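Novice: Take this structure first; my questions come after.
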């Protein structure tokens, strides 16, 4: 149940009196982890922009620097991480421009997953590049082509351990915010009412329905996880790879008003269908998936509030003003869910 009484800017998270695991991840620990794999660090270390995990660039003697990702403790099982790694390696071997992790121990059950001082980590080659230009129709066409290749190849790699996209996850995110006491008491009724209507609208279309092909996906295919290099997109960070409908890897590339999104979709799908058929019926899922992501994002912040990096990086979160604006955002989401789905323009 939500808390009563005055609003607290930062509700006390469970276990807040305990040190967060990442507080132990000092530069020395990072270098020790890398050197435990047989690489000799030159002691140059740079923290990169990441919150869910911790990611660093580490210099290596007489070699290019590497990127080291320390997985958030207790988030994924070793089997799930191994499956993520094997999927990216599988795509790489199909000559799809992804960045798979490097081998740490070829004799281990998961050769690309290291363990050091209670942390699981992976090491990647450094990949340069810039973000794709989502207002560039040629970039969108190429993105569609390569996502089509990922999905076509993924038909030969079905996930056994990764999560499946589900409507129940959205409901769990709504409940978490209420139960953890993050919603101000004077907004609880409004939040319950509007989120309840949104959940009903999502459930009415069910992106996880068997009527849509449920395939192996990147899962978090936004511009921040694509690096443009050598006139080609390179896909990185498969940390959220999952099973779901194809449109999940496409809709986050869209922006602007409906007519702009239609033009963008035409380019993306035209490129996509060079390698994989696309079910136009999935266009009906864009708004439900957008709503699910908004519900997830706030619950994600709330679940991570005991991580010291989150209050520092998101100081605006969990203020009374923020939650008032969030209620307005939910109302806009509900309006979008009530509109006819986007369609492809007639040419």
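Novice: Between residue 209 and residue 279, what is the label-to-label distance in nm when each label sits 7 Å out along the Cα-to-Cβ direction?
Specialist: So the two model labels end up 0.9 nm from each other.
Novice: May I ask you to compute the full-extension gain from residue 259 to residue 75, defined as 0.36 nm times their residue separation minus their alpha-carbon distance, rounded to one decimal in nm? Please report the intermediate quantities before stating the final value.
Specialist: Details: separation 184, 0.36 × 184 = 66.24 nm, distance 3.93 nm.
Residue separation times 0.36 nm, minus the Cα-Cα distance, leaves 62.3 nm.
Novice: Here is a follow-up. Most mobile of 295, 46, 265 per a Gaussian network model of the chain (Cα springs, under 10 Å)?
Specialist: With Cα springs under 10 Å in the chain, the top fluctuation among 295, 46, 265 is at 46.
Novice: Looking at the square roots a ≥ b ≥ c of the eigenvalues of the Cα gyration tensor of the range 137-338, which shape do they give, rounded for a/c under 1.5, prolate if a/b is larger than b/c, or oblate? Intermediate results must be reported in sequence, preceding the final value.
Specialist: Details: a/c = 1.79, a/b = 1.65, b/c = 1.08.
Prolate, since a/c reaches 1.5 and a/b exceeds b/c.
Novice: Find how much the distance from residue 106 to residue 86 grows on full extension, using 0.36 nm per residue of separation minus their present alpha carbon separation; answer in nm with one decimal. Could the numbers behind the result be given before it?
Specialist: On the way: separation 20, 0.36 × 20 = 7.20 nm, distance 1.32 nm.
Value of the extension gain: 5.9 nm.
Novice: If I take R0 = 45 Å and measure r between the Cβ atoms of residue 36 and residue 168 in this structure, what FRET efficiency does the formula 1/(1 + (r/R0)^6) give, to the nearest 0.05? Numbers along the way, then the final one.
Specialist: Values: r = 39 Å, r/R0 = 0.88.
Step by step, r from the Cβ atoms, then E = 0.70.
Novice: I've got another one for you. Measure off 7 Å from each Cα along the Cα-to-Cβ vector at residue 133 and residue 240, then give the distance between these two points in nanometres to one decimal.
Specialist: Taking the two extended label points, one gets 2.6 nm.
Novice: With springs only between Cα atoms under 10 Å apart, run a GNM on the chain and tell me which of 219, 144, 38 wobbles the most.
Specialist: Of the options given, 38 has the highest mean-square fluctuation.
Novice: Rounded, prolate or oblate, given the Cα gyration tensor of the range 305-347, with a/c below 1.5 counting as rounded? Walk me through the numbers before you get to the answer.
Specialist: Numbers: a/c = 4.76, a/b = 2.27, b/c = 2.09.
Prolate.
Novice: Now for a different question. Sorted by packing (mean other beta-carbon atoms within 10 Å per residue), highest first, where do 21-30, 165-174 land?
Specialist: Highest-to-lowest ranking by the protection proxy: 165-174, 21-30.
Novice: Hey, another quick one. Which three numbers, in whole Å and largest first, are the semi-axes of the equivalent ellipsoid of the range 21-125 derived from its Cα gyration tensor as √(5λ)?
Specialist: Details: eigenvalues 86, 57, 35 Å².
Ellipsoid semi-axes (Å, largest first): 21, 17, 13.
Novice: Tell me, what is a quarter of the convex hull surface for the C-alpha atoms of the range 82-189, in nm² with one decimal? List each step's numbers first, then the result.
Specialist: Numbers: hull surface 47.8 nm².
Quarter of the Cα hull surface area: 11.9 nm².
Novice: Where a ≥ b ≥ c are the square roots of the eigenvalues of the C-alpha gyration tensor, would you call the range 149-229 rounded, which needs a/c under 1.5, or, failing that, prolate if a/b is larger than b/c, or oblate? Working shown, then result.
Specialist: Working: a/c = 2.75, a/b = 1.90, b/c = 1.45.
Prolate, since a/c reaches 1.5 and a/b exceeds b/c.
Novice: Based solely on its DSSP helices, what 222 nm [θ] is calculated for the chain when runs of n ≥ 4 H residues each add -39,500 (n - 2.57) and the sum is averaged over all residues, nearest 500 deg cm²/dmol? Write out the running numbers ahead of the final one.
Specialist: Details: 9 runs with 131 residues, N = 347.
Result for the chain: -12500 deg cm²/dmol, rounded to the nearest 500.
Novice: Of the residues 141, 151, 20, which exhibits the maximal mean-square fluctuation in a Gaussian network model of the chain defined by a 10 Å Cα contact cut-off?
Specialist: Top of the fluctuation ranking is 20.
Novice: If we count other beta carbons within 10 Å of each Cβ, what is the order of 326, 56, fewest first? Write out the running numbers ahead of the final one.
Specialist: On the way: 326 18, 56 22.
Going from sparsest to densest Cβ surroundings: 326, 56.
Novice: I'd like the distance between the alpha-carbon centres of the range 27-97 and the range 293-347, rounded to an integer number of Å.
Specialist: 30 Å
Novice: Then there's this: Which FRET efficiency, nearest 0.05, do residue 178 and residue 51 yield, Cβ-Cβ r, R0 30 Å?
Specialist: Working: r = 23 Å, r/R0 = 0.78.
About 0.80, to the nearest 0.05.
Novice: List residues of the range 306-324, by number, whose backbone nitrogen lies under 16 Å from a label position 7 Å along Cα→C-beta of residue 189.
Specialist: Taking a point 7 Å out along Cα→Cβ of residue 189, no residue of the range 306-324 has its backbone N under 16 Å.
Novice: Compute the Rg to Rh ratio over the chain from the alpha carbon atoms, using the Kirkwood formula for Rh, and round to two decimal places. All intermediate terms of the calculation are to be shown ahead of the outcome.
Specialist: On the way: Rg = 21.2 Å, Rh = 21.8 Å.
Result for the chain is an Rg/Rh of 0.97.
Novice: Taking the beta-carbon count within 10 Å as an exposure proxy, list 209, 50, 106 from fewest neighbours to most.
Specialist: 106, 209, 50
Novice: Right, next: Report the extension gain between residue 314 and residue 231 in nm, rounded to one decimal, defined as 0.36 nm multiplied by the number of residues separating them, less their alpha carbon distance. Let's see the in-between values first.
Specialist: Values: separation 83, 0.36 × 83 = 29.88 nm, distance 3.41 nm.
Gain in length upon complete extension: 26.5 nm.
Novice: Which order results if 301, 285, 253 are arranged by neighbouring Cβ count within 10 Å, fewest first?
Specialist: 301, 253, 285
Since every read-out is calculated from the coordinates, none of them should be taken as a lab result. Predicted model, so just to flag it, every value in this text is computed and none were measured. When we count neighbours, we look across all protein chains shown, and the Cβ atoms used for this are built from the backbone with ideal geometry, even at glycine.
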